[in-house]
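J.: Below you will find the structure I want to go over with you.
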Amino acid sequence: MLGKFYEHKPESRLHDLLYTGVVWYVDGDIDQSVDGSCPTCAFKTIGEAFTAASDGDAIRIKAGTYTETGLDLTNNSVELYFEIGCTIDPATGTGLVITGDACKIEGNWVIDVPAGEIGLQVTGDNGYFRDGIITNGGTGLDVTGTGNYFVDLLCEESTAYCYNIRGAKTKFKECHAIGAGASSYGYYINNNVDTGVLDRCTSTGNVLGGYYINSGSEDWTIVSCTSGGGDGKWRDIDSNNTWNHFAYNDEIFKEMDIPGATSVNLFKITGAVKIEYIWGHVTTATGANTTGCDLFLYDDTPTTVQLTSAGGQDLSNLPANSVVSKTATAATALTKSDATTCWLSEPTGFIFAEFAVGELTGGGGTTYIKFNQGGAGTTGTIHWHVKWSPLTGDGNVEPA
């Protein structure tokens, strides 16, 4: 009997969630809008549903690409449900604005942002947003409202901010930020907003900083979050926030071709850091005359500080899988371990396991760990490793 009811009345809403308000329908594939009251008499555009809706209503949007501009949900307590495969793709302007309070968005939605524009802008308070992808544009998510909650969002390829967080008591859970390169931040907390949470979030490829908490923003909790490859240094300007189980790239790598009678930058140091070890494995056999090899710190003055004895090691004719390491004080040469024999490398005398390196600021303030070679050999490749941790708030190590 129930099956016949569905068969003869396809517009029935018995399969929908029930609301005290009205459920509106959007189907971008139909030729002409009807009244939006059922799936077979839907609106053609999201904007029409926004206009028709009142506080407490719901809107269901069929899969498809919607190229509308100026979408602004102004009513309160409206719930948007997107079928998987829904994309908002305007030619200009912000993709979607949520001005109303206590609104909700669910359902595997995508906003494809025009260059330099904002994907999702939330100015209302106490909303709930989940399962979305915001791609391209200048800023993925811009939030100024208070008490909003974001779950499982991905902002990718944003050129300025993946998440520009300007609303107090904002909560993020399992969100992800993939930057577009040299000018992007992952999570940028600013505008003197307090008391928010980032829980199990990730960032990668945001060169200006995966996580940045500007001056005046306090009582944020960054819990079990990670900063990945290509991220710049995370920053907490006032140091008034909690970083609990924060993970970052604490082992940095640099592939170096044998330079031949010159020096080459391996790693760039910002602030003060603690380095636990430096070592490299030979990936392509070194040639003859790879002599006079050492490591040192160098800044723009130029000022140098030796990490190993100057010109102290001959690395000629090392086969692949050999290891070069610093295991003792600066007066001691690099240790080399030839892959053709079994070997043991361990600290001697001075325990090298941890040592502090401060940034040299006499010149331009940029400090590098450099490899220097006296001999003219140019054959071979070494893959260098540095294990490190910060001593100051701006302490950072990155490949040069």
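J.: Out of all the residues in segment 234-246, is one or more touching a strand residue (DSSP E or B) at 6+ places or on another chain (Cβ under 8 Å), under 30 Å from Asn317 (Cβ atoms) and of a type outside the set (Ser, Thr, Tyr)? Don't jump to the end; show me each part of the working.
T.: Let us first name the residues in segment 234-246 that are touching a strand residue (DSSP E or B) at 6+ places or on another chain (Cβ under 8 Å), namely 234-238, 241-246.
Applying the additional criterion that residues be under 30 Å from Asn317 (Cβ atoms) yields none.
No, that holds for no residue.
J.: Let me ask something additional. Is segment 240-258 home to any residue that is closer than 30 Å to Val282 by Cα, at pLDDT 95 or above and outside any strand (DSSP E or B)?
T.: So far as segment 240-258 goes, yes, one or more of its residues are closer than 30 Å to Val282 by Cα, at pLDDT 95 or above and outside any strand (DSSP E or B).
J.: Among the residues of segment 272-314, which ones are within 17 Å of Trp384 (Cα to Cα), outside any loop (DSSP other than H, G, I, E, B) and among the hydroxyl-bearing types (Ser, Thr, Tyr)?
T.: Tyr277, Thr283, Thr284
J.: Something else about it: Within the group Ala310, Ala330, Ala339, which residue is in contact with a Leu (Cβ under 7 Å, 6 or more places away or on another chain), surrounded by 15 or more Cβ atoms within 10 Å (Cβ to Cβ) and either without any contact (Cβ under 8 Å) to a residue 12 or more places away in the chain or among the small types (Gly, Ala, Ser) (or both)? Break it down into steps so the answer makes sense when it comes.
T.: Values: Ala310 fails: in contact with a Leu (Cβ under 7 Å, 6 or more places away or on another chain); Ala339 fails: in contact with a Leu (Cβ under 7 Å, 6 or more places away or on another chain).
None of the others qualify; the one that does is Ala330.
J.: Of (1) at positive phi; (2) at pLDDT below 95, Asn192 satisfies all except one. Which?
T.: Among (1) at positive phi; (2) at pLDDT below 95, the lone unmet condition for Asn192 is (2).
J.: Could I ask something else about it? What number of residues within segment 65-81 satisfy the criterion of being in contact (Cβ under 8 Å) with a residue 24 or more places away in the chain and buried (at least 17 other Cβ atoms within 10 Å of the Cβ)?
T.: Quick first cut of segment 65-81, residues in contact (Cβ under 8 Å) with a residue 24 or more places away in the chain only: 65-67, 69, 71-81.
If we keep only those that are buried (at least 17 other Cβ atoms within 10 Å of the Cβ) as well, we get 66, 71, 73, 75-81.
Looking only at that region, the number is 10.
J.: Hey, another quick one. Every residue in segment 82-98 that is closer than 21 Å to Val151 by Cβ and surrounded by fewer than 22 Cβ atoms within 10 Å (Cβ to Cβ), please.
T.: Taking segment 82-98 and keeping what is closer than 21 Å to Val151 by Cβ, we get 82-88, 95-98.
Scanning segment 82-98 gives Glu83, Ile84, Gly85, Thr87, Val97.
J.: For the structure I just gave you, tell me whether Gly100 is closer than 16 Å to Gly70 by Cα, in the same structural domain as Tyr211 (by TED's automatic domain parsing) and not hydroxyl-bearing (Ser, Thr, Tyr).
T.: Values: closer than 16 Å to Gly70 by Cα: yes; in the same structural domain as Tyr211 (by TED's automatic domain parsing): yes; not hydroxyl-bearing (Ser, Thr, Tyr): yes.
Here the answer is yes, as Gly100 does meet what is asked.
J.: Failed condition for Trp388, given (1) farther than 15 Å from Asp294 by Cα; (2) at pLDDT 80 or above; (3) in a loop (DSSP other than H, G, I, E, B), with all others met?
T.: Of everything listed in (1) farther than 15 Å from Asp294 by Cα; (2) at pLDDT 80 or above; (3) in a loop (DSSP other than H, G, I, E, B), Trp388 misses just condition (3).
J.: Here is a follow-up. Could you please tell me which pairs satisfy a Cβ distance under 6 Å, a separation of 6+ or placement on different chains, a first residue in segment 130-145 that is closer than 12 Å to Ser158 by Cα, and a second residue that is β-branched (Val, Ile, Thr) and surrounded by fewer than 24 Cβ atoms within 10 Å (Cβ to Cβ)?
T.: Pairs that qualify, where the first residue is closer than 12 Å to Ser158 by Cα and the partner is β-branched (Val, Ile, Thr) and surrounded by fewer than 24 Cβ atoms within 10 Å (Cβ to Cβ), are Ile133/Val110; Gly138/Thr159.
J.: Still on this structure, please answer the following. Which of the residues spanning segment 189-236 are surrounded by 24 or more Cβ atoms within 10 Å (Cβ to Cβ) and within 12 Å of the chain's Cα centre (by Cα)?
T.: Correct list: Cys201, Ser203, Asn206, Gly210, Tyr211, Cys225, Ser227, Asp231, Trp234.
J.: Taking the condition of a type in the set (S, T, N, Q), surrounded by fewer than 24 Cβ atoms within 10 Å (Cβ to Cβ) and either touching a helix residue (DSSP H, G or I) at 6+ places or on another chain (Cβ under 6 Å) or outside any strand (DSSP E or B) (or both), does Thr146 pass? Steps first, please.
T.: On the way: of a type in the set (S, T, N, Q): yes; surrounded by fewer than 24 Cβ atoms within 10 Å (Cβ to Cβ): yes; either touching a helix residue (DSSP H, G or I) at 6+ places or on another chain (Cβ under 6 Å) or outside any strand (DSSP E or B) (or both): yes.
So Thr146 passes the test.
J.: Further question: Would you check if Val282 is crowded, with 18+ Cβ neighbours inside 10 Å, more than 21 Å from the chain's Cα centre (by Cα) and under 24 Å from Tyr188 (Cβ atoms)? Even if it seems obvious, please write down each step before you answer.
T.: Numbers: crowded, with 18+ Cβ neighbours inside 10 Å: yes; more than 21 Å from the chain's Cα centre (by Cα): yes; under 24 Å from Tyr188 (Cβ atoms): no.
Criteria not met by Val282.
J.: Another one. If a residue counts only when it is of a type outside the set (S, T, N, Q) and in contact with a His (Cβ under 8 Å, 6 or more places away or on another chain), which strands (runs of 3 or more DSSP E) contained entirely in segment 171-220 have at least 3 such residues?
T.: Details: elements: 171-173, 176-181, 185-189, 197-199, 202-206, 209-213.
Fully inside segment 171-220 and qualifying: nothing.
The values are calculated or read from the model by the stated rules, or taken from the named source; none is laboratory data. Fair warning: this is a prediction, and the values are worked out from it, not measured in the lab. In this analysis, Cβ positions are derived from the backbone assuming ideal geometry, glycine residues included, and neighbour counts consider all displayed protein chains.
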